[in-house]
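Structure first, then comments.
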Amino acid sequence: MAIKKIPIQEFLQLSKEQPVLDVRSPGEFLQAHIPGAVSLPLFTDEERKVVGTTYKQKSREAAIKIGLDYFGVKMRKMVEETEEIVSGIKAKGDRQTIDCNPDSYREPTVLVHCWRGGMRSAGVAWLLDLYGFKVYTLVGGYKAYRHWVRQQFDHSYNFGIIGGYTGSGKTLVLKELQRLGKPVIDLEALACHKGSAFGAFGEAEQPRQEMFENLLAKELSRYAGENMNGERIFVEDESHRIGNLNIPLNLWTHMRNCPVYFLDIPFEQRLDYITVEYGKFEKEKLVNAIIRIQKRLGGQETKNAINFLIEGDVKECFRILLKYYDKWYSKGLHNRENLSALLNKIPSAGVDTVSNAQNIVNATSLAEKTF
């Protein structure tokens, strides 16, 4: 068998069917990785540091010898771990499979990469190839993958922006559109944050910026060019920042120039919705979130909101907060060039997910026919 070096596009295509082994150190993997990849580190973080220091201060040959000392004792374990990874994937039935002919067995295949596509991936690929795996390595390594990620944010996409003031149930509408078979990218789900001072409530820890970009690029690549046939990709109207993460500037700027389908829902209906949605959380967490926005909310309104909350009048607390968020959302909405050409208001009696999603589908279909 021979190890085959392949470019990023082919690597990603194969990764839909074959396991990706990331042989960088645990720290590098934790920072960010190709979505779906499995960590199979050649070196620990400390070992990587020692090898790198030796390379810089002594020589390439000295660094390789130290690397071999680390690698030698791990060879059997790495082979066995790879077997477990491939066996686990076969058991799930979602990637490699056994051929229909019981006498023929598809050669177990793995994709291997390191940071630059250098010695680490070459060493592990040699070992796995020697053992009997069919091995592909990524030309340019993870660095090439990151170049591909950044390219995804420079393309033009046929977005349909789901807009509406806080409490409009925009995320629920996105999920309903997805259920209807429409292309959807849920930015807040990728960011593990709902985009406000209260946005972390009920969410997992946010990924790091680099990992968020990797996840987002994967979603965008599903809807590239010829895959879409002109169909709109629905995303929620977001500010540039979601919690601690930033939507890549080029992509966000493009989003700001796409049609907005604005769910125009009465204030009281939205207030009822968020009172139920957020009123279930602990008062201490709610108070802390209010304090985080006190500078923009204002001292007196902050005090009033907290007092209502402490007294158990959650609805009046959220009435103050909703007015605040309406003001800031309106500012962001109207800070678009050509808003009059982009804005499509969809009158809605309330937070009715099914009805609102269907109204958006009807509005986009009408716009496409008119065009």
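The values are calculated or read from the model by the stated rules, or taken from the named source; none is laboratory data. Computed from a predicted structure; not experimentally measured. For neighbour counting, all protein chains shown are included, and Cβ atoms are generated from backbone atoms with ideal geometry for every residue, glycine included.
Select from the range 126-153 the residues that are assigned to a helix (DSSP H, G or I) and small (Gly, Ala, Ser) and write down the one among them that is nearest to the chain's Cα centre (by Cα). Can you show your working first?
Let us first name the residues in the range 126-153 that are assigned to a helix (DSSP H, G or I), namely 126-131, 141-152.
When the remaining residues are screened for being small (Gly, Ala, Ser), the result is 141, 144.
On the way: GLY141: 21, ALA144: 19 Å.
Filtering first and then ranking leaves ALA144.
Which condition breaks for ASP237 when tested against (1) farther than 26 Å from PHE318 by Cβ; (2) in contact with a strand residue (DSSP E or B) (Cβ under 9 Å, 6 or more places away or on another chain); (3) among the acidic types (Asp, Glu)?
(1)
Any residue in the range 157-174 that's crowded, with 23+ Cβ neighbours inside 10 Å: show its pairings with residues that are in a loop (DSSP other than H, G, I, E, B) and among the aliphatic types (A, V, I, L, M) at Cβ separation under 6 Å, as long as the two are six or more apart or on different chains.
So the pair list comes out as SER168/ILE265; GLY169/VAL351.
Given the condition over 30 Å from GLU231 (Cα atoms), free of Cβ contacts under 8 Å to residues at least 60 places away in the same chain and surrounded by 13 or more Cβ atoms within 10 Å (Cβ to Cβ), answer yes or no: does some residue in the range 328-351 qualify?
First pass over the range 328-351, keeping only residues over 30 Å from GLU231 (Cα atoms): 328.
Filter again for free of Cβ contacts under 8 Å to residues at least 60 places away in the same chain, leaving 328.
Those left that are additionally surrounded by 13 or more Cβ atoms within 10 Å (Cβ to Cβ): 328.
Yes.
If you take the residues of the range 249-281 that are surrounded by fewer than 19 Cβ atoms within 10 Å (Cβ to Cβ) and aromatic (Phe, Trp, Tyr), which of them is farthest from LEU339 (Cα to Cα)?
Among those that are surrounded by fewer than 19 Cβ atoms within 10 Å (Cβ to Cβ) and aromatic (Phe, Trp, Tyr), it is PHE281.
So, in the range 233-252, exactly how many residues are in a strand (DSSP E or B) and under 15 Å from VAL149 (Cβ atoms)?
Of the range 233-252, the ones in a strand (DSSP E or B) are 233-236, 241-242, 245-246.
Still in the list and also under 15 Å from VAL149 (Cβ atoms): 245-246.
The number of residues fulfilling the criteria is 2.
Does the range 109-121 contain any residue that is assigned to a helix (DSSP H, G or I), at pLDDT below 95 and buried (at least 16 other Cβ atoms within 10 Å of the Cβ)?
yes
For the range 26-77, give me each residue that is in contact with a strand residue (DSSP E or B) (Cβ under 9 Å, 6 or more places away or on another chain) and either assigned to a helix (DSSP H, G or I) or among the hydroxyl-bearing types (Ser, Thr, Tyr) (or both).
Within the range 26-77, PRO26, GLU28, PHE29, LEU30, SER39 qualify.
Any residue in the range 190-200 that is surrounded by fewer than 19 Cβ atoms within 10 Å (Cβ to Cβ), touching a helix residue (DSSP H, G or I) at 6+ places or on another chain (Cβ under 8 Å) and either closer than 29 Å to GLY279 by Cβ or hydrophobic (A, V, I, L, M, F, W, C) (or both)?
Yes - at least one qualifying residue is present in the range 190-200.
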